[in-house]
Every structure is written in structure tokens, then in C-alpha cells.
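Trainee: Before I ask anything, here is the structure I am working with.
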Amino acid sequence: MSNSLENLEQSFQDRIDRGEKIEPKDWMPDRYRKTHIRQISQHAHSEIVGMLPEGNWITRAPSLRRKVALLAKVQDEAGHGLYLYSATETLGITRDELTEQLLAGKAKYSSIFNYPTLSWADIGAIGWLVDGAAIINQVMLTRTSFGPYARAMVRICKEESFHQRQGFEIMLTLCRGTEAQKQMAQYALDRWWWPCLMMFGPPDAESTHTEQSMKWKIKLKTNDELRQQMVDQTVPQAELLGLTIPDPHLKWNESRGHYDFGEIDWDEFWRVVKGNGPCNKERLEARRKAWEEGAWVREAALAYAEKEAERTAVSAAV
Ligand SMILES: [Fe+2]
Ligand SMILES: [Fe+2]
């Protein structure tokens, strides 16, 4: 490494250590740029693919009030995807390239969205648990070192807390309803609990990106710390609902001041990440169809922008 590159890297690290934000036009190491493109686009894809399992229930929401709330939530997720695609574009990659990576299976998205939504209670469980897990992760990211990502997270977190509450309220209503409704809520918790704990990623000992990401303040807490926070926060909520978390090893540990919990099935996690979960193919197919069917909208928008630019150039010349 040449001396000047070493100096640049050192002053870059100093800025991060001082808590300064890195902005798109600032110098940054190539690996920092690439890691961010990977992470922020993965996050953007998760927001967009994440609209699918819940969108599936908009037409079947049990009341107008539930339908309006669910529509608003799914629409929020589209907005989150847009902020995040824009934040990724500031790093020198286009939206088209990002979408192509997703559709080619080269870019990942959160594996949680490869599970099906089998009943209305799943919409409650997703809001309560999946958005709950997203908040834990994203509150940390409001303090991340890359300016556009950190700022996008502030707005996104406010909306996520609405999502989490609407999900919990659906669960609460079901749990106070008939025996069949309560069972439906329990069955949803049984299916979503473990995949939700997997959302924080592999255990620290096996996580390849953790160390460098902590140094660059891309990550401020490790996967296992965030997962523990999720368990500690959710157990009392499940108790309030009167539901049982499907883990026989779950137990308060007085000396640690945290809940102990059972082994996660990492084989299942890797199976889903590698494309073999229950809905991977269906999700990518839906995105591919939307991209192809939306081609005329993108073409029309471009043609309109060109015409507008011509018109402005002509009136400026006059
Ligand atoms: Fe979101
Ligand atoms: Fe959300």
C-alpha cells in the first residue's frame, strides 16, 4: 500500500472515530463503498420484497380499519425501499443495476420474507415480531457512519414503530377473542418466532463481516447482542398476550440478567438464504413480473424528462 493511500485510510478512520458522518462525495476506501452498496441495497430489496407477504392479505383484511392500516404499512415499506435505493445510488451504482442484481439472485434480501403468510394472524405476528426485529436493528443504524443511510433510518424508524404497534394490536385482539382466534395467534407465533431470531444473522463466531463493520461503525452491536435484545424485549410481550414462545429452553437467567434460549436451526437459515426456502422462487418471480410490467412506465418517465429538458433548453435560448 502506498504511503498516501495509508494516510487517506488513517484520516478516514480518524473521522469515523471522532463520530463524523461520511458523505457521498467524501473520499472513502473502496471496501467501505462496496460494503455499503451491498448492505444498503440488501436492506432496500428487503423492504420491497417484504411488501409481498403482507400485500397478500390486503384484499382479505377482516375490517375496513384493518385494511386501511395494512395498506398504509405496505405503502410505508415501498417508501423505505425508495429512500434506501436513493441512498445506495449516492455511492455510484444505478437503480437498474441494483434491480438486476436482485433478479439475477446475486443480491440478497432478508430471509424472513421467504416464509408464507397462511392466516390473518400472520399479519399480526409480522408487525409485532418482524417489524419489532427491524426496529432493533435500525435504531442502531441511525448512528451508522454513512450520512445518507443514517438519515434515512431516522424517518424509517418512526414508521416502523407504527408497524410494530399495529401488529401487536392485531395479536392482542385475537388473543382476547374466541378460542379459535387465540389458537390462530399461537400458531402464527410458533411459525414466525425462530425465523425472526434468524433475522439478526449468523452467530458472532461465524459472522464474516462483523469485525470490519464495527470498526467502520456500520454496525454498532453484534448479531448476538441484537438477538438477545429481541428475546428480552419480546418475552414479556408474549406473556401479556398469554401466548407461549415455542422454545422449551427459554428461561430467565438471573446472573446474566437476560433470557437464555434454545439453539437456532442454522441449517434452515442457510437453506433459505441459499434460495431454498418455502417462497424464494415465488418472491423473485413476483419482483421480475413487476419489473417487466413496469418497463413502459420507466420509458414514459424518461421520454417525458427528455422532452422537458428540451423545452427548458429552448426557452433558455429564446
Ligand atoms: Fe420498513
Ligand atoms: Fe415495517
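Trainee: Kirkwood Rh and Cα-based Rg: tell me the resulting Rg over Rh for the chain, rounded to two decimals.
Mentor: Rg/Rh: 1.01.
Trainee: Could you do me a favour and compute the accessible area per residue for the chain, 1.4 Å probe, result in Å²?
Mentor: 52
Trainee: With a cap of 10 neighbouring Cβ atoms within 10 Å, and only residues DSSP puts in a loop, list the trypsin sites (Lys or Arg not before Pro) found in the stretch 1-73.
Mentor: R18, K25
Trainee: Between L64 and E206, what's the calculated FRET efficiency when r is the beta-carbon distance and R0 is 41 Å? Round to 0.05.
Mentor: 0.30
Trainee: Using a Gaussian network for the chain with springs between C-alpha atoms less than 10 Å apart, which of these wobbles most: E254, E159, E282?
Mentor: For the chain, modelled as a Gaussian network with Cα springs under 10 Å, the answer is E254.
Trainee: Compute, for T178, the solvent-accessible surface of its heavy atoms (probe 1.4 Å) with the complete set of protein chains present, and express it in square angstrom to the nearest 10.
Mentor: Approximately 80 Å² of T178 is accessible to the 1.4 Å probe.
Trainee: Accessible area of the stretch 1-264 with a 1.4 Å probe: how many percent of it is carbon plus sulfur?
Mentor: 54
Trainee: Right, another one. Starting from the stretch 1-86, pick out the GluC sites (Glu not before Pro) whose DSSP state is loop and whose Cβ has at most 14 other Cβ atoms within 10 Å.
Mentor: Passing sites in the stretch 1-86 are E20.
Trainee: Between 0 and 90 degrees, rounded to the nearest ten: what's the tilt of helix 131-141 against the longest Cα principal axis of the chain?
Mentor: 40
Trainee: OK, next. Comparing W27, W57, W266, which has the greatest mean-square fluctuation in the GNM of the chain with Cα pairs linked when under 10 Å apart?
Mentor: W27
Trainee: List the trypsin sites (Lys or Arg not before Pro) in the stretch 253-298 that DSSP assigns to loop (not H, G, I, E or B) and whose Cβ has at most 11 other Cβ atoms within 10 Å. Which are they?
Mentor: Sites meeting the loop and neighbour criteria: R256.
The values are calculated or read from the model by the stated rules, or taken from the named source; none is laboratory data. Given the structure is predicted, the values throughout are model-derived calculations rather than measurements. Heads up, the Cβs are rebuilt from the backbone with ideal geometry, glycines too, and the neighbour counts pull from every protein chain shown. Please note that ligands, DNA and RNA were not included when accessible areas were found on the heavy atoms of the full protein model with its side chains. Shrake-Rupley method; radii C 1.70, N 1.55, O 1.52, S 1.80 Å.
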